Amino acid sequence: MIHKLIAIVTAALLVSGCASTLARTMKNLDQVPRIQTMNHSILKDLREPDQNPIILAVYGFTDQTGQQKPGGAYAEMSKAVTQGSQHLLIKALLDAGEGKWFRVLERDTLQSLLQERKLIRTTRQITQGDKAKPLGPMLYAGAYLTGGIIGYDSNTLTGGVGYRFLGIGSSVQYRQDTVTVMLRLINVVSGEIELAIMVEKTIMSVGAGGDKFKYLDLDTQLLEVEAGVAVNEPVTYAVRKTIEGAVVEMIRAGERKGLWHYKPEPWKDPGKIPKVEVVIPTDAELLEELETIDNEIRTEVKEKASQPLPKVENEVIDKPAVAETTPAPQPEQVDEPLKVKVEPPLSDGIVCESSTHHFRCTEVANEKTITDTDTSPSGN
């Protein structure tokens, strides 16, 4: 009996937990998981162009994937993506910069347009005769856009999570698809492809469910309850956001290439700049300041000079013993003999000689010394 009671209480708790989990999952389905998508204001918040709106035409922007909508046990005849992608592109061009970037010309129903113009001319000629005013010329585009949806890949990412205990279970599953859009800008005069833009976006599908089964009678009756919900991101919405992203990227790429330019940002007044007053001191104030600095320096020097010097104790420093060396004997200096230079004779009877410290003249006739004078080299 106790085991049955415990089993019943446990089952009730699990049922309540499963119910709350399923309720939270269903309540937050718009948040699990959400792929970052471009806000619609991204087209309207573009910077304004620095020129008049560009005249464009759109040709052949269609679905080029050829894929059918995935079915269960059989193939469906419906296409996997929208067939009105050209209309979405025209709407995105007209919304760019609140209509300040492009003027789009009608080319999808050109035959109908020409037929209406022909009817107007015929009606005017019938009612007004020769006084009928001719219609003005139609606008022509200097460039046109083409491209289309070039890829739709389904089930690029799948997964899920779930649990089951005592007949109570819950699960969450998700699936991811990818759509790819190509956009080309072609110059009508030269036929050159000016820009080629490719943008991808993911499409998420989320499903959540829970179930409960219980034996009412011993091995005879079984009760099973199951509930679930699935939320799929609309494919058309994903294609529209992808086309809008392609238009924004085309504008940015054209600005980088120099095909067009943004309007300069308006100048914003920063407000009044506070005036900074510069005070120039006078000569008297400068002298006073110099005297003050000089007095401070003198006071500081006097204070340092009046402080007693720190006592240094005599420390005995062990010096490494130096081996006494006997000086090598010096050779005795021998006085060099005095070099005497014989000067040219002053006359036939007088002969002179000089050295470093004296100058001597001798009379040859009497062989007696007439003059003997010691002089310095700088003397006479």
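Which of 138, 198, 204, 77 has the fewest other C-beta atoms within 10 Å, and how do the rest follow up to the most?
Ascending number of Cβ neighbours within 10 Å: 77, 138, 198, 204.
Want the number for residue 296 to residue 112: 0.36 nm per residue separation, take away the alpha-carbon distance, what's left?
Extra length from residue 296 to residue 112 when fully extended: 56.2 nm.
Expressed in nm to one decimal, what extension gain is obtained for the pair residue 154 and residue 205 from 0.36 nm per residue of sequence separation less their Cα-Cα distance?
So the chain would gain 17.3 nm between residue 154 and residue 205.
What's the exposure ranking of 265, 244, 291, 249, going from fewest to most Cβ atoms within 10 Å?
Least to most surrounded, the residues fall as 265, 291, 249, 244.
Based on other C-beta atoms within 10 Å, arrange 267, 101, 260 from fewest to most.
Final ranking by Cβ density, sparse to dense: 267, 260, 101.
Okay, which of the stretch 96-127 sit inside 20 Å, backbone N to the point 7 Å along the Cα-Cβ direction of residue 252?
Answer for the stretch 96-127: 96-102.
Please identify every one of the trypsin sites (Lys or Arg not before Pro) in the stretch 233-307 that sits in a loop by DSSP and has no more than 13 other beta carbons within 10 Å of its own beta carbon.
Taking the stretch 233-307 and a limit of 13 other Cβ atoms within 10 Å, the loop trypsin sites (Lys or Arg not before Pro) found are 268, 272, 275.
Hey, can you grab everything whose amide H is under 5 Å from the amide H of residue 102? Only 5+ residues off in sequence or another chain; H modelled, so Pro and N-termini drop out.
Here the answer is 54, since their amide H atoms fall under 5 Å of that of residue 102.
Beyond a 19 Å Cα-Cα separation, which of these cross-linked pairs lie in this structure: 201/263; 44/79; 44/241?
Those over the limit are 201/263; 44/79.
What FRET efficiency comes out for the pair residue 138/residue 161, r = Cβ-Cβ distance, R0 = 51 Å, nearest 0.05?
0.30
Values quoted throughout were computed directly from the atomic coordinates according to the rules given, and no laboratory measurement underlies them. Quantities reported herein were computed from a predicted structural model and do not represent experimental measurements. Don't worry about glycine lacking a Cβ; one is built from the backbone with ideal geometry, like all the others, and counts go over all protein chains shown.
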